Amino acid sequence: MPRTTPSEKIQTRAARSRLPQRRKPHWLCLRPGQLHLGYVRRNVDQAGHWTVRRYNGGGTYKVARLAGVADDIEAANGATVLSFNQAQDLALRPTPQTQTGSPMTVAQAVAGYLDYLQTSGREGADGHC
């Protein structure tokens, strides 16, 4: 599975403040070809929000806005104001569609295993998760 280079453009409040305001999200790949976390900030004086883009297959994606706003103006509380890490955790949670008992794909199994390694503090044999 290809790995992505961490992008710091949306991970910190300071980095997000340097991004241009626009309607389209600034995307960060969480799982190549499957899952992206986006950040949108339309006005300098308002907090931005987090967006998730999931691949549905057949060349289609489902885009959904996460509840709450980004921690651009006030401190994150995990409910109405989300930090990058909190938004990432929400984005990585399985969707109800993947929990229905449908057969798991190899890609889903590998992604789940890599998530397990990261959350348990373990690393792969090559030193990377």
Mind listing whichever residues of the stretch 57-68 are more than 16 Å from the chain's Cα centre (by Cα) and not small (Gly, Ala, Ser)? Thr60
Taking Gly38 and the conditions (1) loosely packed, with under 13 Cβ neighbours inside 10 Å; (2) at pLDDT 85 or above, which numbered condition does it fall short on, given that it satisfies the others? (1)
Across the stretch 63-93, the tally of residues that are assigned to a loop (DSSP other than H, G, I, E, B) and in contact with a Gly (Cβ under 8 Å, 6 or more places away or on another chain) stands at 3
Listed by first then second residue, the pairs whose first member lies in the stretch 73-84 and is without any contact (Cβ under 8 Å) to a residue 12 or more places away in the chain and buried (at least 17 other Cβ atoms within 10 Å of the Cβ), whose partner is among the polar types (S, T, N, Q) and in a loop (DSSP other than H, G, I, E, B), with beta carbons under 7 Å and at least 6 positions apart or on separate chains, are Ala76/Ser83
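This table checks each residue for (1) under 13 Å from the mean Cα position of the chain (by Cα); (2) modelled with pLDDT of 90 or more; (3) acidic (Asp, Glu); (4) part of a strand (DSSP E or B).
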| residue | (1), (2), (3), (4) |
| --- | --- |
| Pro6 | yes, no, no, no |
| Lys24 | no, yes, no, no |
| Val44 | no, no, no, no |
| Ala47 | no, yes, no, no |
| Thr51 | yes, yes, no, yes |
Within the stretch 45-62, is even one residue exposed (fewer than 10 other Cβ atoms within 10 Å of the Cβ) and either touching a Gly at 6+ places or on another chain (Cβ under 8 Å) or among the aliphatic types (A, V, I, L, M) (or both)? no
List, please: which pairs have Cβ atoms under 7 Å, are six or more places apart or on different chains, and start with a residue in the stretch 100-120 that is under 18 Å from Leu30 (Cβ atoms) and end with one that is modelled with pLDDT of 70 or more and not in a loop (DSSP other than H, G, I, E, B)? Ala111/Arg31; Asp115/Leu92
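The values are calculated or read from the model by the stated rules, or taken from the named source; none is laboratory data. None of the values given here were measured: they were computed from a predicted structure. Positions of Cβ are generated from backbone atoms using ideal geometry, with glycine treated the same way; all protein chains shown enter the neighbour counts.
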